Amino acid sequence: MDWFINADTTVHKFALMFFAIFLFVVVMGLILFAVDRPKRIPTWVVALGFLAPTILGLTFGLVYPGLRTIRDSFYDRLGASFVGLDNYVAAFTEEQFQIVLRNTVIWVITVPIMATIIGLVYAVLVDRTRAEYLAKTLIFLPMAISMVGASIIWKFVYEYKPDQPGVNQTGLLNQLLVWVGIPPQQFLLNAPANTFFLIVVMIWIQAGFAMTVLSAAIKAIPDDIVEAARLDGLHGVGMFRFITVPSIRPALIVVVTTIAMGTLKVFDIVRTMTGGNFGTSVVANEFYNQSFTIRNQGLGAALAVILFVLVIPLVVYNVRQLRLSEEIR
Amino acid sequence: MTIPTGKLVDVPPEDSVGVGNRRLTRVEKRAIAAKGKLSSPWASGIAILIAILWTVPTFGLFITSFRPQSEIQSSGWWTILANPGLTLDNYEEVLFGSSTNFATYFVNSIVVTLPAVVIPISLALLAAYAFAWIDFKGRNILFVAVFALQVIPIQVTLIPLLTSYVQWGLSGSFWTIWLSHSIFALPLAIFLLHNFMKEIPASLVEAARVDGAGHVKIFFRVLLPLLAPAIASFAIFQFLWVWNDLLVALTFAGGSTNVAPLTVRIAELSGTRGSSWYLLSAGAFISIIVPLVVFLALQRYFVRGLLAGSVKG
Amino acid sequence: MKRMTRRSSAALATGAAFALLLAACSDSDDGGGSSDSPAASGDIDCAPFEEYGDLSGTTVTVYTSIVAPESEQQTDSYIPFEECTGAEISYEGSREFEAQLPVRLSAGTPPDIAYIPQPGFLRSLVADFPGKVIAAPQPVIDNATEFFSEEWVGYGSVDGTLYATPLGANVKSFVWYSPQQFEDNSWEVPTTWDELMTLTQDIADSGAIPWCAGIESGPATGWPATDWLEDVVLRTAGPEVYDQWVDHTIPFNDPQIVEALGAVGDILRNPDYVNGGLGDVSSIATAPWNEAGNGIPAGTCSLMRAANFYQANWPEDVTVSEDPQENGVYAFYLPAVSADDKPILGAGEFVTAFSDRPEVAAFQAYLSSPEWANEKAKVTGQGWFSANSGLDPSLLQSPIDVMAFELLTDPEYTFRFDGSDLMPAAVGAGSFWTQMTDWIATGQSDEETLTNIENSWPSS
């Protein structure tokens, strides 16, 4: 039994890894084999075969903890005694919570829109050009860099040093300002602009995601449609607006939704770059602080629930899109 | 630029697939593409501008990773030409500065990542297929529920999951990380793959059904081959998230060098009080090698086009 | 052509990855354990370890916030214990220690031993996880009373029960300066607060900016500013008021604290006095704390208040020495109001056990013994000392550490632990940091700053 739990040599680790994948394939194969006796098995059993492992995993790993979080949000800092809505009152009356909420909304609106627009424009511009591989790799790079790497990268962009003899700029942006004769700025200090400078980092990371997914969708537009449009005299911007964008609309919705969800949860950027100071904090950062730094489980849970609530508009929008697409089909 | 007729815009893509009865040659496709696309200097200008804006910060870190600490702190990386003084010290420290062989972390990262990519994608493909093509009661409600689970922050799941793993005697093993990553990836994977799955023309699935194929057969024979680009794109993202993950690894694997991936080592590079943060620059580039290889290797899948040439129903 | 480049770059990257993989396969069994100890192991004197008995085959897990490279000095210092008792120490350091430890406790998988850097954290663990934190066994209590001062024993105790013994210690009441610069300008090291302010004014009059400071520290931004306030409270209000302030028996915004913050502001918020080479007053909020001192060897500022552990942050070409020399830095004791009045502010980690197995108790006893402190001093280059009175100062390798250890063990000096580490996390790791940051960044008034912190003090 121990062999399957503790692996300490490289060979053993790889063996265990292949065993895990093999085990998974066997189990899934058995389930699918069982539901594949055609005709006599009712549809819901087949659906269950396809969905059961997923539902099991999600219930265990996300639904249960999610429900527990909702429960905890009505309990005190140790989850021991019921406190009603106190945590929510505390969250909303917390100093500067208006600003935190406002920042979160700004993030959730700006990041998905900007990242998607940039990713889309870029995907269209480089589509089927000779430099496509290279061009895509360049935009993709930020996605591949770990968060610690990203925070240092942007330190060297925003860092401030005064403009005085004997002191060199180490932040690129301020160096550019100094070169054109403008005094260096404290990009991360002055609200509300500092929130936008942090948002730039997230856009920089997410544009690669948007570009990759949208590029795959663009390539899926049948050549015939493109050709027909061309014969109708469509070029450039017209083609983009009337053929490309409508054709990849579902992919656009998916990308915007995904990035928005990710943005709601992101806190590392704020945490590492300003620590939430200078009016830059977001709900996710407050959630992390309360849960893990201050260890007020109840308040942390309440902030997580506020995140759940913030996502409702997105869910509603997607439900409507789902209905629309069902109707078309 | 001509204003198009409204009719053209309203035609859903699926219906017009059959219109063209001949396959376009490669040259023709190029020609179509070339006509309205990058031909304008403005378009190339914008593309190049975006590429530069996106690359310069990373390039700066790349240069920085070869500079000695005192210079990193006292002058910008763009002055590299004025005061050259490149060094491999940072890389040396990252690779050989720990009592644990760097390769151990590297192996752990690979062992952690592969199952954590394969398992959720397989599960999500099956689930997405069920949501897209199997008619059962409550399908949409369930789909929305799964999709909405994306918003649950991983942090709230740590204590309940770890508690279960401890009870099962799995804590500190690879299984906990594989299982956790697989679960966390599912909502987004299902959401993305479902979207691609739905794009496949219903006629294809119908045709197979008429031929007497069951769902399992349709899934493997008809849909899976068409989804290669979608699978490739999600695979690369899932790969990145797992490869760069620190939280799950820290919580479930502990820092035990038997299981801890690269990120755990890189996160501690900066030292107890953060005084060697400059080493992170070299660490970031060492850890990016593998994701980059994977991206380049998978790229040809997404360039081929989602349904290129195969839709001739 | 482009295709070729892409292909070849991919091939290159694949090759690199493959090479790493091969390297991994060639030496696979490197679990990171301490099996391959240095050759020195032969001449270990095992006599002091006999009391622990034979612990062969046992393992003690240690979880701490001390990571590489400092963690290697930690594990090296356990070698005699491992060699003589046969127990194995499995060490894990993480920068996310504070967030992860409660998660592990809640999930039922605590380490055997954790090094907790804040007595306030220790207190809340004892309160929040009843029965999980193990009270110190008798040999540990004996060591604690014999080798540590009453204050240090107190920081490791909760409600009169000793839970944790001090591991390392640090002293924060230092001002770093350049001996060369002081000699060139015939400045004297000040011995009273007035002399310090006079020196500050003299430097400012000469057209230079005397002080530099930085409080940026990622998620913990603001902590160096809290140290400033604590150090000044100890000086202007005295240790008794300091204790009441930390215990919250007087409000956080007591007039005496307002006065102390005013005194801090006389330096940190005076544009003539800060922030040499780093910008205006507000730049203190965004200057990384561990780079703020670079202006001293560079000549753009003259004074910076920081702990003895700041020595790890000096660039490689800087020497820590009292002798005037190019690129030399040193530190003097942050003076009090009078030369007789000698408070010092410091901090340290505490060895806390979550298991009462014999090998855990034995290791805990070892860590509280002078044998360990001396062994640790031997294997550590610089930037470490302990409050253990059995530590032999001649083993310390940095003059700053020697000075800090002497201050700490000198009965004339009154030691107080870093207050933010003693306060509830909502204040000590929350509002105290953020409000001090606001105080610097936005020019928020002294009263408002302290009142905001007072209002955030948890009610229970």
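FRET efficiency for the A:Ile70 to B:Ala145 pair, using the beta carbon distance and R₀ = 22 Å, is estimated at 0.90.
Rounded to the nearest angstrom and listed largest first, the equivalent-ellipsoid semi-axes of the protein assembly as shown from its Cα gyration tensor are 53, 34, 28. Measuring max minus min along each principal axis, the C-alpha atoms of segment B:99-268 give extents of 63, 31, 25 Å (largest first).
The charge dipole of segment A:97-280, taken about its Cα centre with unit charges on the Cβ of Lys, Arg, Asp and Glu (plus for the first two, minus for the last two), comes to roughly 260 debye. Computed from Cα positions, the angle between helix C:97-107 and the longest principal axis of chain C comes to roughly 50 degrees. Against the main long axis of the alpha-carbon atoms of chain C, helix C:432-442 sits at an angle near 40°. Annotation for C:Ala135 and B:Ala82: the two label points, set 7 Å from Cα along the Cα-Cβ direction, are 6.6 nm apart. Partner shielding of C:62-75 amounts to 4, given as the average count of beta-carbon atoms from other chains within 10 Å of each residue beta-carbon. The alpha-carbon of C:Lys172 sits under 15 angstrom from the alpha-carbons of these aspartates and glutamates, leaving out residues fewer than 8 places away in its chain: C:Asp227, C:Glu230, C:Asp231, C:Glu349, C:Asp401, C:Glu406, C:Asp418, C:Asp421. For segment C:307-447, the residue among C:Ile344, C:Gln397, C:Phe363 whose Cα projects farthest onto the positive side of the dipole built from Cβ charges is C:Phe363. Considering only beta bridges that DSSP places wholly inside the protein assembly as shown, some 55 percent are antiparallel.
Using the Cβ-Cβ distance between C:Glu195 and C:His248 with R0 = 30 Å, the FRET efficiency computed as 1/(1 + (r/R0)^6) comes to roughly 0.35. Under 16 Å from a label point set 7 Å out along the Cα-to-Cβ vector of C:Glu448, the amide N atoms of segment C:257-278 belong to C:262.
Roughly what angle does helix C:223-236 make with the longest principal axis of chain C, taking Cα atoms, 0 to 90 degrees, to the nearest 10? For helix C:223-236, the angle is close to 60 degrees.
Pairs with C-alpha atoms separated by more than 31 Å, drawn from the list A:Lys136/B:Lys198; A:Lys13/A:Lys136; A:Lys265/B:Lys198; A:Lys13/B:Lys137, are A:Lys13/A:Lys136; A:Lys13/B:Lys137. Residues whose amide H falls under 5 Å from that of C:Thr59, counting only those 5 or more places apart or on a different chain, are C:Glu88, with hydrogens built in the peptide plane. A full extension of the chain between A:Ile41 and A:Leu134 corresponds to an added length of 28.5 nm, given 0.36 nm per residue minus the alpha carbon distance. From most to least packed by mean Cβ count within 10 Å, the peptides B:176-184, C:157-165 give B:176-184, C:157-165. Each Lys and Arg Cβ is given +1 and each Asp and Glu Cβ -1; about its Cα centre, the protein assembly as shown then shows a dipole of about 9700 debye.
Label zone (C:Ser355, point 7 Å along Cα-to-C-beta; backbone nitrogen cut-off 18 Å) within segment C:123-138: C:131-137.
Across segment B:62-98, the residues whose backbone nitrogen lies under 14 Å from the label position 7 Å along the beta-carbon direction of C:Asp317 are B:68-75, B:83-86.
Where a number appears in this text, it was derived from the coordinates with a stated rule and is not lab data. Bear in mind that the values here come from a model prediction, so they are computed numbers and not experimental data. Positions of Cβ are generated from backbone atoms using ideal geometry, with glycine treated the same way; all protein chains shown enter the neighbour counts.
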